[in-house]
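Please read the structure below before turning to the comments.
Please treat every number below as a calculation from the coordinates, not as lab data. Computed from a predicted model, the values in this text were never measured in an experiment. Virtual Cβ from ideal backbone geometry, glycine too; neighbours counted across all protein chains shown.
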Amino acid sequence: MVSTKLNSINPNNNKNNTSKTKQSHRRSSNDSLDTLSLPPPPPLSSSSSSTTPPSEPSTPTTTLPSTATSNGALTGDHPGGIGISHRGPFLSSRPVTVRTPSTLPLPPTAGPGLTKTFTSETESSFHGGSGYESGLKKVRKPTMSAFSSPIPFTRRFVFLGIIIATVIFVVTSRSDSLSSSPVHPKSWFSSTSGAGLDAQIYNDASLTNLSPKEKKLAIAQAQYNDKLAPYFNPSPNWGGQAHGRDDYKAYTEKKMRDLAVCIATNTCRENQTSVIIYGHIFQHFHLYEGYMGGEGIWTGSLTETLNKWGYTILHARDDWPYIWHIHNQIPDMVKGIIAWKSGQYGGFADFIKTGWRGNGIPAWKFFVYNYFPDHYNSVVGDAWNIHSEFGYSAVQRNFTFMPYIVESPATPPYIPTVERPNQIYILAKFVRYFYPGTQPAWDDHTFYSRAKAELEQEFPGFEFVVGCRDDRNGKEQEEHPMSVPEGIRNLGVMDKVEFERQLANSRGMLGIGWPTLSPSPHIALSYGIPFISPYGVYDWSSPDKPETWSQSQHDTLKALSDPYVYHVQRNNYTQFVSAIRSALSTPIPQFRLPYMTREFHEKAVGEWLSTDWKAKAIGILENRKNKIETENGNVIQEFGI
């Protein structure tokens, strides 16, 4: 078994040079964060099964380093694209690998022929014609005289007044506010015209890293789009509750107009006609409500990368009828749909392409997203399940691993351990996490007050702090009062900046059982703050063999040991105090797991985008029809291509 002790930390691991690409202005990994040599980043291997979609002849390719580590050789390919062997160095000598081509092309350009998707009809079908005219009765226009009734003349003024009033009402009732789009800056939706718009576009931060050619196309396209702005409300007020608004449709329809404009005017940027549809409810919550749980952080990382490479992202909440509606308008442009199998108005099963539903969505385009790496929910196969945490399993799982990014601390800056107060930050955002119902690791609430009294003798000013609230309704709070256990100072609700400031001033992060697989311990490690992770055991479990544990608050971090991660048995006060004492007195360097870096994330996303998923699905389907099954799960079935 490969050791993951402290002596495996290599502070020079983050100094590998990475190739620069035309479109990826990547941040250097030499950012003061130490990365771990064990577990290593899954090495990149050549995969003959990965087919890159055709690109423009001028599209450069970037050769990625393909080096095997001392604890794992490069392995063969797998039809699942980015596959992770969870039996790697964590559990045995078998390697952890990512099957990624050693020569990874930049994300493919929109290839030829896509402009044919929008075939304009040059002849209008909206004619009157003699047939229409012949059906009308000719009415003699009354002549006016000094003795004629003034009614016809008066009616004209009445009708004119109604028209004027209607125009005034429409103009004054329109919202003057700019779009609050979560992706594009407001200037792209502004109705300002002329030099004012040009100035806004030229100064737009999103254009800073574009090549001159791309920037020219972006500006030209924005000018064309600006001509449409007066005809479309930039921020419709749908009313109703936040979860019931149709903001996502307004955003997507704006992006569809952008596609139509760029195709018609030949101003499409690289990859713009390659479309990814977001159809997961947590993606919607992140984009429109600022949700920053694990799924939200992952959505932010993926969105940043896709935007950086010029892909078009369409939003569909978890609205499967709308996903189908979008797909059927531009089927050749849609490269992938990231969603959950069910939604607010039905699920994928209602819209999958079959022999009797020819206009359905091909199953090979649908990638089932789950933050947790423990599901088989694709009808096609393993690799159509995307997860964003590595996990820890004795069973090989060939899911598509697409991690989120953990950045180097910026605001606030890194604070050396010796300059921090004797503070332990408790990972909990709701008071109920301390109570039954969420599997609390420390059932005895006196643990906190006892530990505080004991440790403040050795560490002056020692305290536990937490930032949480009671999210239950008024009736529940009245019938079942809950409070933070004695010995803990509650900082209340904090924004991201304040949370990170408090975390940066802590010497350790304490888990209390829930939430599991949270990004926060990764963030803590990036600040040089160890994580205290509770775990459970069976009667036959061995504390030295994580694969035998009944559960852990953070499965991914089972791979690490003290002084980076202290694994403590649930409800064991002796281990509880000992781990806290060690965290307070043992500084650690900043580091992050190698596969939480921007470089690894972009390689994973790049392979996902460049893989020929249709060809892989055809191979799986042929085997399935011949009674040869290579995939896992109880939902796999035959499907339409």
| task | Please sort 497-507, 542-552 by packing, taking for each peptide the average over its residues of neighbouring beta carbons within 10 angstrom, highest first. | result | 497-507, 542-552
| For HIS480 and GLN569 in the same chain, what is the full-extension length gain: residue separation times 0.36 nm, less their Cα-Cα distance, in nm? | 29.2 nm
| said: Compute, for segment 417-589, the length of the dipole vector about the Cα centre, with Cβ point charges of +1 (Lys, Arg) and -1 (Asp, Glu) only. Units Debye, rounded to 20. | reply: 240
| message | Suppose the chain between GLN439 and GLU629 were pulled fully straight at 0.36 nm per residue; how much longer would it get relative to their current alpha carbon spacing? | response | 64.6 nm
| query | Say the cut-off is 23 Å between C-alpha atoms; which of LYS545/LYS603; LYS227/LYS254; LYS365/LYS603 go over it? | reply | LYS545/LYS603
| Whose amide H sits under 5 Å from the amide H of TYR566, counting only residues 5 or more places off or on another chain, with H placed in the peptide plane? | PHE531, ILE532, SER533
| How far, in nm, would the chain grow between HIS325 and PHE372 when pulled straight, counting 0.36 nm per residue and subtracting the alpha carbon separation? | 14.0 nm
| message | List residues of segment 489-508, by number, whose backbone nitrogen lies under 19 Å from a label position 7 Å along Cα→C-beta of ARG472. | response | 490, 492-493
| query | So how strong a dipole does segment 412-487 carry about its Cα centre when Lys and Arg Cβ are +1 and Asp and Glu Cβ are -1, to the nearest 20 debye? | reply | 260
| remark: Counting only DSSP beta bridges fully inside segment 417-589, the antiparallel percentage to nearest 5 is 10
| Relative exposure of LEU525, LEU287, judged by other C-beta atoms within 10 Å (fewest first) | LEU287, LEU525
| request: Set the Förster distance to 35 Å, then compute FRET efficiency between LYS614 and VAL537 from the Cβ-Cβ distance, nearest 0.05. | output: 0.15
| message | Once you order the gyration tensor axes a ≥ b ≥ c over the Cα atoms, which shape class does segment 417-589 get: rounded for a/c under 1.5, otherwise prolate or oblate by comparing a/b with b/c? | response | rounded
| message | Need the C-alpha centroid separation for segment 400-431 versus segment 511-566, integer Å. | response | 16
